[in-house]
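K.L.:
One structure is given below, represented as structure tokens, and several questions about it will come after.
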Amino acid sequence: MDLNRRSFLIGGASAAALAAVSVGTGTAASANTKVSPAVALRRLERGNTRSANGRTVQRNYSPLGSTPGKGQEPFAAIVTCSDSRTVPDAMFDMAPGNLFVVRNAGNSIESVGLGSLEFAAAVLGVSLIAVIGHTECGAVIATEDSVKTGELPPPSIDSVVEAIAPAVEALPAGATTNDAIAANARFQAQQIQNSSSTLAEMTAAGTLGIVSGVFGVASGRVTWLP
Ligand SMILES: [Zn+2]
């Protein structure tokens, strides 16, 4: 995919302050191992192709198969839905230690999730944040219903709908559910950029990319959004 055509939301200064938190803890990613946002995206694209084609690499998910005590150096952060079919490590054929994951119903951005992403980028050194919506998303469908009827679901499910509603409300008449799912993924990616000066600085500096996409639960394929 041509990265120049992608709306890489770019930015990092207080990133240095956050990174300082990790000094001496062994958790910061080494500058030598940090990849570019474009390389990180390519890894995700290749992993998804392997996954969708049923050609996954065998992994040892046992704690004994990982490297406990050595810290972590994930290269990408994934924001995705809690839907039981949208498992980031399976979706991208990645091993423990590769992906830092934030999940909730509707893959929306709230304060704890945003703080988690800042930690991932500024301390752990991920190069890419990918917001991945998915087809058949119940949270988006519930939001469409709510926008249509003007009725909110009961607490605390209403918070899920309220986080997605701005994306749905901005759609033109006649938009489909798949349009709403894509619009929500784009909207949440934009929310990350707009809500965090730390991440905005890192994208401006070119050390972090923020992208969005939609996972097809039937196809297993991620379609990246422009
Ligand atoms: Zn969902």
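The values are calculated or read from the model by the stated rules, or taken from the named source; none is laboratory data. Since we're looking at a predicted model, the values are computed, not measured. We place every Cβ from the backbone using ideal geometry, glycine too, and count neighbours over all the protein chains shown.
K.L.:
Please determine, by comparing only the residues of region 65-80 that are among the hydrophobic types (A, V, I, L, M, F, W, C) and not in a loop (DSSP other than H, G, I, E, B), which one is farthest from the ligand (Cβ to nearest atom). Working first, answer last.
P.N.:
Of region 65-80, the ones among the hydrophobic types (A, V, I, L, M, F, W, C) are 75-79.
With not in a loop (DSSP other than H, G, I, E, B) added as a condition, the list becomes 76-79.
Values: A76: 20, A77: 18, I78: 14, V79: 12 Å.
Among them, the one singled out is A76.
K.L.:
For region 108-160, how many residues are within 12 Å of the ligand (Cβ to nearest atom) and assigned to a helix (DSSP H, G or I)?
P.N.:
7
K.L.:
Considering only region 95-107, state which residues are under 16 Å from Q193 (Cβ atoms) and in a strand (DSSP E or B). Walk me through how you get there before you give the answer.
P.N.:
Just the residues of region 95-107 that are under 16 Å from Q193 (Cβ atoms), to begin with: 102, 107.
V102, the sole residue that qualifies.
K.L.:
Does A200 meet the test of being in a helix (DSSP H, G or I), within 13 Å of the ligand (Cβ to nearest atom), touching a helix residue (DSSP H, G or I) at 6+ places or on another chain (Cβ under 8 Å) and on the phi < 0 side of the Ramachandran plot?
P.N.:
On the way: in a helix (DSSP H, G or I): yes; within 13 Å of the ligand (Cβ to nearest atom): no; touching a helix residue (DSSP H, G or I) at 6+ places or on another chain (Cβ under 8 Å): yes; on the phi < 0 side of the Ramachandran plot: yes.
No; evaluated as a whole, the condition is false for this residue.
K.L.:
Would you point out the residue of region 59-91, among those that are at pLDDT 95 or above, surrounded by 14 or more Cβ atoms within 10 Å (Cβ to Cβ) and of a type in the set (G, A, S), that is nearest to the chain's Cα centre (by Cα)?
P.N.:
Checking each candidate, the answer is A77.
K.L.:
Also: Tally up the residues in region 81-107 that are within 12 Å of the ligand (Cβ to nearest atom) and small (G, A, S), please. Give the steps one after another, and end with the answer.
P.N.:
Going residue by residue through region 81-107, those that are within 12 Å of the ligand (Cβ to nearest atom) are 81-86, 103-107.
Those still in the list that are small (G, A, S) too: 82, 84, 105-106.
Selection size over region 81-107: 4.
K.L.:
Follow-up. Scan region 129-148 and report the pairs whose first residue is more than 18 Å from V211 (Cβ to Cβ) and whose second residue is more than 8 Å from the ligand (Cβ to nearest atom) and among the acidic types (D, E), with Cβ atoms within less than 7 Å and a gap of 6+ or a chain change.
P.N.:
Between residues of region 129-148 that are more than 18 Å from V211 (Cβ to Cβ) and residues that are more than 8 Å from the ligand (Cβ to nearest atom) and among the acidic types (D, E), the close pairs are V147/E169.
K.L.:
While we're looking at this one, here's another question. In this structure, does A40 turn out to be among the small types (G, A, S), at pLDDT below 75 and within 16 Å of A120 (Cα to Cα)?
P.N.:
On the way: among the small types (G, A, S): yes; at pLDDT below 75: no; within 16 Å of A120 (Cα to Cα): yes.
In short, no.
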